[in-house]
Amino acid sequence: MTVVEKGVVAAELRAEPAVLADDLHKSYGELEAVRGVDFEVAAGETFGFLGPNGAGKSTTISMLCTITRPTAGRALVAGFDVVREQAQVRRHIGLVFQDTTLDDYLTATENLSFHAELYGVPKSQVRDRLQQVMEMVGLWDRRTSLVRTFSGGMKRRLEIARGLLHSPRVLFLDEPTVGLDPQTRSHIWSYITELKKRENVTIFLTTHYMDEAEYCDRIAIIDNGLIVASDTPEALKASVGQDRVELHTSDDPETISRLAVRFGLEAKMSEGSVAFFVDQGEEFVPRLFAELGIRILSVRVARPTLDDVFMNYTGRTIRDAEVTGSDKLRQNPWMRARSR
Amino acid sequence: MAAANQRMMPALAPVRVAGNGPADDLRAILVVWKRELIRFLRNRLRILTSLAQPVLFLYILGTGLSPLISQTEHFNFRTFMFPGVLGMTILFTSIFSAMSIVWDREFGFLREMLVAPVHRWTLVLGKCLGGATVASIQGAIILALAGTVGVPYSPVMILTLLGEMMLTSFALTAFGVMLAARISQVESFQMVTQFFVLPMFFLSGAIFPLSDLPAWLAVLSKIDPLSYAVAPFRAAVFSQIQLPAPLARTLDPGMSWGSWVLPVWFEVAMIAVAALVMLAAAMRQFAKTD
């Protein structure tokens, strides 16, 4: 029964992209925060927007969430136009913002009940649904605690649970792990990975952490309000260059000469190991074992990172690309909304 | 455990989310209102501290000023102060409740409300009703002290005052929400207190009678909207106590425009109109999107 239903829903979702942006622009006076972006996110996909602070990630996400009105262009979320069908879009999305948006003086349950009522989740479903989402993020035991007693990571988890409460078609995560320590960050990611398996939801996230972009099915690299590249993390990395392979063998000099003769690879000693560059390093390793004829003690394949990808497309590292604090303030729509 | 999980699974089917009909509007208003009440009832310290001020005014200032008005041994200045202190209580509580929007903005919760699939006006109305309810509860607590300052517990007076307080607190909360929409920092709350709340309080006739005033002060007190709320409060209280006519005229002159003394119903109607205007203004402020 459930399986059939899920199948129907999945087929229905596959018919149209979960998110579609068509030449989307946003200017604040002179400042062009987003300068025409196009992309499609398929239903069920995890799509990441990767870029430095101030690149236009938050502005794009707030246009998709109907918080900011695009200056030009068009966007559809869950099949609804973000300008003309604002209410429909809002009903079908879940949001987790950079900063916490919980009421510290309410308990976890009260925060979620507030959300359930605001979104009109049917009374008969609220209790079960509340328990489900809180169990998913491991906070069911803390449901009666005031949110202000929660750590940063717990608050973020509760927000993810709240974002899912009304079964959104698309879950937007704006820098879901910013400001959290590395251990908490990896916990948050395991929750996100888990929820993807359990809920039929498309995830759209922004991040400026290179390592987090790897959790995505597809990523778009955004810089200065434009998408400079968009593909799977693997393809993007492959487009950058070859893998670096490091070997320890029982006979290093002989290995270097055989690599040159049999494989046409130029290897050299580097920090005590044999190092060389090759396409598809992981697929090359089995061949190496089969054909080298020398005992291999250890192998290390280092793939190009998304840092390398960003560098390749923008000519800068993501750290260098971070804009100054004041520009950041001007581009962040939330700060703008506050200062009005 | 696994069996329990199995049982839970069917509920994973997507929940249906409601539309934008009148029932949805009502639900949104109620949930915002409920949150205000939960927050109020949870913060007992706030209830106590916000009651401390009116109590000080009533018993310390009221007692201290009593000897100055010694025309009659039958009258206590605290009785005069009582309706003014009711006005003060709801003024401060209403504005404080409304200003919590600034906190909500600062701490992000406002965003959770603004992105919800509900009409913006329902959030504003819920907030105003919540603030009005909280202020009326505080006012009712002070009203319970009537007996200690020589005001009899007349059911008619209590009902009249409760009704007037609810209406006034709604108007004041709406006024505060309208201001809060334009305020971005919690620090600005101090400014609102200095430039709006205290002048409104001092000019309203809450702590001294608005009779025989110098012309400039008389004009200012007529401009103060709160004067038109304190006057009906006082009329309700003074209808319950016997006073020589000249003293009653001095202490409870009512509001007048030229030679026309405004009837209570007119003042109440003014507050009602002000409440609607403020509510409309507050809703307009929040209807804007970037």
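The values are calculated or read from the model by the stated rules, or taken from the named source; none is laboratory data. Keep in mind that this is a model prediction, so the values were computed, not measured. Neighbour counts are summed over all protein chains in view; Cβ atoms, including those assigned to glycine, are modelled from backbone coordinates with ideal geometry. When the accessible area is computed, the model is the full protein with side chains, heavy atoms only, and any ligands, DNA or RNA have been set aside. Shrake-Rupley method; radii C 1.70, N 1.55, O 1.52, S 1.80 Å.
Would you call A:T144 surrounded by fewer than 19 Cβ atoms within 10 Å (Cβ to Cβ), in contact with a Ser or Thr (Cβ under 8 Å, 6 or more places away or on another chain), among the polar types (S, T, N, Q) and assigned to a loop (DSSP other than H, G, I, E, B)? Against the criterion (surrounded by fewer than 19 Cβ atoms within 10 Å (Cβ to Cβ), in contact with a Ser or Thr (Cβ under 8 Å, 6 or more places away or on another chain), among the polar types (S, T, N, Q) and assigned to a loop (DSSP other than H, G, I, E, B)), A:T144 qualifies. For first residues located in region A:81-107 and in contact (Cβ under 8 Å) with a residue 40 or more places away in the chain, partners that are polar (S, T, N, Q) and assigned to a helix (DSSP H, G or I) and lie 6+ apart or on another chain with Cβ distances below 8 Å form the pairs A:Q98/A:S58; A:L102/A:N111; A:D103/A:N111. Residue count for region A:77-87 under the criterion of being more than 8 Å from chain B (Cβ to nearest Cβ) and out of contact with any Lys or Arg (no Cβ under 9 Å at 6 or more places or on another chain): the result is 3. Cβ-Cβ contacts under 8 Å between residues 6 or more apart (or on different chains), taken from a first residue in region B:240-265 that is more than 19 Å from B:V219 (Cα to Cα) to a second residue that is open to solvent by 30 Å² or more (accessible area, probe 1.4 Å) and outside any helix (DSSP H, G or I), are listed as B:Q240/B:P152; B:I241/B:G150; B:I241/B:P152; B:Q242/B:H74; B:L243/B:H74; B:L247/B:Q71.
All conditions but one from (1) hydrophobic (A, V, I, L, M, F, W, C); (2) at pLDDT below 90; (3) open to solvent by less than 10 Å² (accessible area, probe 1.4 Å) apply to A:F47; the one that does not is (2).
Within region B:254-266, the set of residues being under 23 Å from the mean Cα position of the chain (by Cα) and either assigned to a loop (DSSP other than H, G, I, E, B) or among the aromatic types (F, W, Y) (or both) comprises B:G254, B:M255, B:L262, B:P263, B:W265, B:F266.
Are any of the residues in region A:93-112 among the aliphatic types (A, V, I, L, M), assigned to a loop (DSSP other than H, G, I, E, B), more than 8 Å from chain B (Cβ to nearest Cβ) and surrounded by 24 or more Cβ atoms within 10 Å (Cβ to Cβ)? No, region A:93-112 contains no residue that is among the aliphatic types (A, V, I, L, M), assigned to a loop (DSSP other than H, G, I, E, B), more than 8 Å from chain B (Cβ to nearest Cβ) and surrounded by 24 or more Cβ atoms within 10 Å (Cβ to Cβ).
Conditions tested, residue by residue: (1) in contact (Cβ under 8 Å) with a residue 12 or more places away in the chain; (2) open to solvent by less than 10 Å² (accessible area, probe 1.4 Å); (3) closer than 20 Å to B:V277 by Cβ.
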| residue | (1), (2), (3) |
| --- | --- |
| B:G84 | yes, yes, no |
| B:R111 | no, no, no |
| B:T133 | yes, no, no |
| B:G150 | yes, no, no |
| B:A174 | yes, yes, yes |
| B:E187 | no, no, no |
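The lone criterion from (1) closer than 30 Å to A:G315 by Cβ; (2) in a strand (DSSP E or B); (3) within 8 Å of chain B (Cβ to nearest Cβ) left unmet by A:E32 is number (3). Taking the conditions exactly as written (surrounded by fewer than 22 Cβ atoms within 10 Å (Cβ to Cβ), not in a helix (DSSP H, G or I) and not aromatic (F, W, Y)), does B:L162 satisfy them or not? The answer is no for B:L162. Under 6 Å between Cβ atoms, at least 6 apart or on separate chains: pull out the pairs that start in region A:62-76 with a residue that is more than 14 Å from every other protein chain (Cβ to nearest Cβ) and end on any residue that is surrounded by 23 or more Cβ atoms within 10 Å (Cβ to Cβ) and not charged (D, E, K, R). The qualifying pairs are A:G73/A:L24; A:A75/A:A21; A:A75/A:L24; A:A75/A:L64; A:A75/A:V82. Restricting attention to region A:163-184, the residues that are without any contact (Cβ under 8 Å) to a residue 60 or more places away in the chain, part of a helix (DSSP H, G or I) and either open to solvent by 40 Å² or more (accessible area, probe 1.4 Å) or within 14 Å of chain B (Cβ to nearest Cβ) (or both) add up to 2.
Within region B:54-74, being modelled with pLDDT under 90 and touching a Ser or Thr at 6+ places or on another chain (Cβ under 8 Å) holds for no residue. Among the residues of region A:148-160, are any part of a helix (DSSP H, G or I), within 13 Å of chain B (Cβ to nearest Cβ), open to solvent by 60 Å² or more (accessible area, probe 1.4 Å) and at pLDDT 90 or above? There is at least one residue in region A:148-160 that is part of a helix (DSSP H, G or I), within 13 Å of chain B (Cβ to nearest Cβ), open to solvent by 60 Å² or more (accessible area, probe 1.4 Å) and at pLDDT 90 or above. In the set (1) surrounded by 12 or more Cβ atoms within 10 Å (Cβ to Cβ); (2) in a helix (DSSP H, G or I); (3) over 21 Å from the mean Cα position of the chain (by Cα), B:F75 fails one condition alone, (2).
Where helices (runs of 4 or more DSSP H) fall entirely within region B:201-251, those with at least 3 residues that are buried (at least 18 other Cβ atoms within 10 Å of the Cβ) are at B:227-238.
For B:L30, indicate whether it is more than 9 Å from every other protein chain (Cβ to nearest Cβ), modelled with pLDDT of 80 or more and in a helix (DSSP H, G or I). Taking the combined requirement at face value, the residue does not satisfy it.
Within region B:185-231, the residues that satisfy the criterion of being among the charged types (D, E, K, R) and modelled with pLDDT of 90 or more are B:K222, B:D224. So which of B:V124, B:V156, B:V192 ends up being buried (at least 23 other Cβ atoms within 10 Å of the Cβ), in a helix (DSSP H, G or I) and more than 12 Å from the chain's Cα centre (by Cα)? Unique residue meeting the criteria: B:V124.
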